[in-house]
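Read the figures in this text as sums done on the coordinates, not as results from a lab. Treat the numbers as computed from the prediction; the structure is a model and nothing was measured. Using ideal geometry, Cβ is built from the backbone for each residue, glycine included, and neighbour counts are taken over all protein chains shown.
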């Protein structure tokens, strides 16, 4: 008898599974699928950096069988990076597992022919390749923008165009209420401690900004 399972995961113990659980329960209700939250929805609070996850391994090795369906809310629940997701998708397909990705319905393989599943796999791989390339382009763009924003210092080293601090020590930004807080503190209307509290600054940061501000005047 074919069964339906679901897998939900967050990366840390502080995060909440509720959003994924709600999406899966809603999907099952809308599609007439009965699923036992305690036994058929596997929950984990672990990083997706690898597949050393007891819950997922138990689901894959001991529960899922040829013809069963696995529901996930998002494609990245299968892994952290594109290569991992692609490899896991292929393995599930080889095992005859149907896959439902709630946030990306076009990837759902339930009720599809072998030809359609092949097309879906191709879509997955193209999508992952596109996302990986897009991320690489973003990184390159950030690097280029960072270099363009730098100027050469007297000793030939690159320094930030906005500050005289060398790269690796970013300049502290003035909080939006700096002038108001500084004036009140300078006029002795509030204490330094209160000023730091109002502007959400640590002691060292506060006095560094005071020094820079007063020198600029």
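Work out, step by step, the length gained on full extension between residue 197 and residue 177: first 0.36 nm times the residue separation, then minus their alpha carbon distance; give nm to one decimal.
Between residue 197 and residue 177, full extension yields an extra 6.0 nm.
Work out how much length residue 142 to residue 110 would gain on full extension: take 0.36 nm times their residue separation and subtract the Cα-Cα distance, in nm to one decimal.
Between residue 142 and residue 110, full extension yields 7.5 nm more.
Let me know the whole percent of all Cα-Cα pairs from segment 172-216 that are separated by more than 17 Å.
17
Need one number: nm distance between label points at residue 52 and residue 215, each 7 Å from Cα along Cα→Cβ, rounded to one decimal.
It is 4.7 nm.
Using a basic spin-label model with each label point 7 Å from the Cα along Cα→Cβ, how many nm lie between residue 2 and residue 103?
A separation of 2.6 nm, rounded to one decimal place.
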